[in-house]
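Reading through the structure tokens given below for one structure.
The values are calculated or read from the model by the stated rules, or taken from the named source; none is laboratory data. These numbers were taken from a predicted model, which means no experiment stands behind them. Quick reminder, even Gly has a Cβ in these numbers, built from the backbone with ideal geometry, and neighbours come from all protein chains shown.
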Amino acid sequence: MFITRTVRAVGTSARGSRSALLPEDQADFDADYEQALTRAGTSRDLNELFTVEAP
């Protein structure tokens with residue numbers, strides 16, 4: 001069973017967050033971030049771009 005928590009990524013960029021990931025996790029990050037960008041463009045709500053799901 002996995003417990004997921006949401007944390008607020010303060011003071012970093014998407015590039016900085018991505019570079020801290022293991023190479024095998026970067027593709028998932030890219031896909032999730034692209035989806036968040038699309039939703040933010042539609043809703044005009046940027047909060048999702050600064051929220052990270054952490055295991």
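Figure legend. Inter-residue proximity from the range 30-45: first residues touching a residue at least 12 places away in the same chain (Cβ under 8 Å), second residues not hydrophobic (A, V, I, L, M, F, W, C), beta-carbon distance below 6 Å, spacing 6+ or different chains. Indicated pairs: Ala36/Glu48. Taken over the range 1-50, the criterion of being at pLDDT 70 or above, β-branched (Val, Ile, Thr) and not in a helix (DSSP H, G or I) is satisfied by Thr12 alone.
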